[in-house]
Amino acid sequence: MSIYTNVGHFRSIETPFYYYDVALLQKTIRRAQEALGKGPYQIHYAFKANSNRRILNEVLSFGLGADCVSGNEVNRAIETGFDPNHILFAGVGKTDKEIKMGLEHEIFAFNVESLQELKVLEQLSGVTGKKIRFALRINPNVDAETHEYITTGKRDNKFGITLEELNLAIPLIKSLEHAKFIGIHFHIGSQIMDLSKFKELVDRCNEVQRLLLDYSFELPHINVGGGLGIDYDQPEANSIANFKGYFDCFKKNLVLLPNQTLHFELGRSLVAQCGSLIARVLYIKPAEQTSFMILDAGMTELIRPALYRSFHFIENLSSHESHEGSVVYDVVGPICETSDAFARSLLLPETKRGDILAIRSAGAYGEVMASQYNLRKIAPSIFSDDFK
């Protein structure tokens, strides 16, 4: 059921809350799988985008694997029922406890992000007596030209092993007795709309793969990460990301070896558009050049605008069929921070106290980044099929 169908129900529910359109989530995952097609491919869902248990159950029902960046995410993947053989564990700061936990669960692979981490994995694998599988995360020095805080593939980012360090890694890998090298991993950033950036990544993938093959390494696993962006400006018109263009870039340009599996780690593009943050207008406060529209939701429920100055489409559900907007508002939250704002100088239909607003495309990095700053409660999640 679309967000508009349930507006009547929203009026009787305490706000703020996260609303998830289950049918859209299912349709999105189905479209992604159709675009990828049959072949030696595996999609891993990036838990960091949204780890709501109901969302994870829906993802699991489509047979996706799990991409985790903390021990708790690995534990939740196991608890939810994800096959350990389809769980990947990345992250630049894995603790010894987290590594041992991954070994205990016998997950598919660790994505190793530094030479020192590789030495720790080798040591812990020897102590526990469990063979550890790992892929090297390579930093390809590709500028994804996205927000600087979500760019991960440039040389000055903390992620991965540089191409220069790769030459130092080769003798180290050959000396390992307990850890098994199974492939390479890349991830250049998030919210990438320019698909040519993925072509640049493919060129680096092919280059690294040729180098490692020259050293007689077998590479059954190649992981190109995720990063596919969504349309925050028109979430209703463009509710499904360009999965075909994204996958085709790799399928047409990446030299995939015999018996090699290509792995993807998608998060935002699968779940962002199915979620909205629903809020109520508390006050309209006139100011000199604008009016402050003060909501009962704030940066504690959706931090992206405060953190990245990112744009989310906002609509007044109480008057979504009204004429063109006629009032300029600064849409802000109740938190005691000036940065607690969803939008500045936004043109909306005249809005009054008690109106219901939807802040769209909040299914990724909304609920999962919520905080209790100002001792606020974590907002609940409500699903479209709750109203059947």
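The values are calculated or read from the model by the stated rules, or taken from the named source; none is laboratory data. Source: prediction; values computed, not measured. Cβ atoms come from the backbone with ideal geometry, glycine included; neighbour counts cover every protein chain shown.
What the table shows:
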| quantity | calculated |
| --- | --- |
| Of the criteria (1) outside any loop (DSSP other than H, G, I, E, B); (2) farther than 25 Å from I55 by Cβ, which one N259 fails | (1) |
| Total residues in the range 255-290, condition modelled with pLDDT of 95 or more and either surrounded by 16 or more Cβ atoms within 10 Å (Cβ to Cβ) or in the same structural domain as I192 (by TED's automatic domain parsing) (or both) | 24 |
| Evaluation of S318 against (1) loosely packed, with under 15 Cβ neighbours inside 10 Å; (2) part of a helix (DSSP H, G or I) (one fails), failing number | (1) |
| Pair list, Cβ under 8 Å, 6 or more apart: the range 87-103 residue touching a residue at least 12 places away in the same chain (Cβ under 8 Å) and over 15 Å from A179 (Cα atoms), other residue surrounded by fewer than 19 Cβ atoms within 10 Å (Cβ to Cβ) and basic (K, R) | V92/K158 |
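Here's the yes/no breakdown for (1) loosely packed, with under 14 Cβ neighbours inside 10 Å; (2) under 30 Å from L262 (Cα atoms):
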position	(1), (2)
G8	yes, no
T15	no, no
V22	no, yes
L25	no, yes
Q42	no, yes
